[in-house]
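This report concerns only the one structure given below.
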Amino acid sequence: MTQRFLEIPYKQLSPEALRGVIEEFVTREGSDYGEDTYSLEQKSHQISEQLRLGRAVITYDQETQSCNILLKNGK
């Protein structure tokens, strides 16, 4: 039996693929950044930092063949 979700180390993605996953995540409907307004570049940088610090992970859903970013500790 295979796992449905796989954790993908962000360093294994090409810079272009990583940027695409991050941009899709930050532009997704319902993303909440509080009352402050941030540019796509600022949001992307924040998520990149979360990945680098181990506060977020990239997952791959084998059933839907899609990626997602999960933030740890609800942050």
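Computed from the coordinates by the stated procedures, all read-outs in this text should not be read as laboratory data. Bear in mind the structure is a predicted one, so any value in this text is a computation, not a measurement. Using ideal geometry, Cβ is built from the backbone for each residue, glycine included, and neighbour counts are taken over all protein chains shown.
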**Asked** Distance in nm between label sites at Leu71 and Arg4, each 7 Å beyond Cα in the beta-carbon direction?
**Response** 2.3 nm
**Exposure proxy order (Cβ contacts within 10 Å, fewest to most) of Tyr10, Tyr60, Tyr38** = Tyr38, Tyr60, Tyr10
**Nearest-ten-degree value, helix 15-27 long axis tilted from longest Cα axis of the chain** = 60 degrees
**Fill in**
In whole Hz, the Karplus estimates of ³J(HN,Hα) for the stretch 50-63 (6.51, -1.76, 1.60; θ = phi - 60°; x where Gly or Pro) are 4, 5, 4, 7, x, 8, 8, 9, 9, 10, 10, 8, 5, 6
**Request:** Within 10 Å of each residue's Cβ, count the other Cβ atoms and sort Lys43, Lys72, Lys11 from fewest upward.
**Result:** Lys11, Lys72, Lys43
**Fill in**
Each label sits 7 Å from Cα toward the beta-carbon; between Ala17 and Val57 the label points are separated, in nm, by 1.8 nm
**Request:** Work out how much length Thr27 to Thr64 would gain on full extension: take 0.36 nm times their residue separation and subtract the Cα-Cα distance, in nm to one decimal.
**Result:** 11.4 nm
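Under the rule of -39500 (n - 2.57) per DSSP H run of 4 or more residues, summed and divided by the residues of the chain, what mean residue ellipticity at 222 nm is obtained, to the nearest 500 deg cm²/dmol?
So the calculated ellipticity at 222 nm is -11000 deg cm²/dmol.
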